[in-house]
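Chemist: Encoded as structure tokens, here's the structure I'll be asking about.
The values are calculated or read from the model by the stated rules, or taken from the named source; none is laboratory data. From a predicted model like this one, the values you see are computed outputs, not experimental measurements. Cβ atoms come from the backbone with ideal geometry, glycine included; neighbour counts cover every protein chain shown.
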Amino acid sequence: MVKRALRVKAERRVQAGRQRGGSADAEADGSGAAPPQHLQRKVLRRVRFLEKVAAARPALAPRGGGTRKKRRRKGAGAPDLGALDLNLTTLAASLADAEREVQQRVDAPQKGLGAGGAKARSRIVASETQRLRQVHAHPQFRADPIAAVASHLAATLPPAPAPPKAPADPAKRRQQRQLQKQRRKERRMAEG
């Protein structure tokens, strides 16, 4: 809307300049001097771009009258974890394939790699694959994988931090400060 208004305004200025007998490139402030070439090119590029956008707009407009909002299905709030089908045999097969590939990489001679390079990463992958095999073989994981992971996290994560204490009563604070002042005085008297 604003760009269209600016474009109309610019066209009016150009027409007014033509009617006065000046060039189409003359400035609208009436000085009659043409703006610098770089500004003319900039305005020309912008006008061309806006014309392309205006021409493309009908093609991009939605067909069918208007836009409709998508309706949400009832009960689509939380995902259904029961539908999560853990195919343990597929998982075991993919673990075996991954372990085979890692073992081939570790056994293959590698040139020019330091201790912190691909060899170290391959060892880490091998150890993590072994750990995943152990988890996969655990009976609790086989019975209910989600519950097993939840119980593992509950056992290994640190407890949640305690909520901050509520500020003490101002009267008690005042009393504690007075006691501290009194004790300091007594210490000074004992030392002095």
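Chemist: Where the second residue is of a type in the set (A, V, I, L, M) and not in a helix (DSSP H, G or I) and the first is at pLDDT below 90 and lies in the stretch 117-142, which pairs have Cβ atoms under 9 Å and are six or more apart or on separate chains?
Modeler: Correct list of pairs: 119/113; 120/113.
Chemist: Tell me yes or no: at least one residue of the stretch 87-97 is modelled with pLDDT of 75 or more and of a type in the set (D, E, K, R).
Modeler: Yes: the stretch 87-97 contains one or more residues that are modelled with pLDDT of 75 or more and of a type in the set (D, E, K, R).
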